[in-house]
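Structure first, then comments.
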Amino acid sequence: MAINLDDDARQRLQASLQRYCAENFDEEVGGLKAGMLLDFCLREIGPCVYNQAVRDAQAEMRDRIDAVDVACYEEEFGYWSRGGRGR
């Protein structure tokens, strides 16, 4: 699945990459290079991050579904064990 960013997010990420390169590599990177690096990261790293996020969401949903079983459980055939006659 391709990861697509809206224009604002893409521009902000490119600017962030440019700043990161300038501060950590002492290298000025133009908008074109930053865009190419961003595209590479989205294609190469993005799917790993995306897949992990999906696994995390699935685990969270399983935990919540398991909690429903506990929270909504009602004992079956409990009339006589409670003393009968609606007690």
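The values are calculated or read from the model by the stated rules, or taken from the named source; none is laboratory data. Remember, it's a predicted structure, so these values are computed and weren't measured experimentally. We place every Cβ from the backbone using ideal geometry, glycine too, and count neighbours over all the protein chains shown.
What do you reckon, is GLU60 acidic (Asp, Glu), exposed (fewer than 10 other Cβ atoms within 10 Å of the Cβ), assigned to a helix (DSSP H, G or I) and free of Cβ contacts under 8 Å to residues at least 24 places away in the same chain? No, not satisfied. Against the numbered list (1) under 20 Å from the mean Cα position of the chain (by Cα); (2) at pLDDT 95 or above, SER16 comes up short only at (1). Restricting attention to segment 24-40, the residues that are among the aromatic types (Phe, Trp, Tyr) and either on the phi > 0 side of the Ramachandran plot or surrounded by 10 or more Cβ atoms within 10 Å (Cβ to Cβ) (or both) add up to 1. The residue list VAL49, VAL54, VAL68, VAL29 contains one member that is touching a residue at least 12 places away in the same chain (Cβ under 8 Å) and among the β-branched types (Val, Ile, Thr), which is VAL29.
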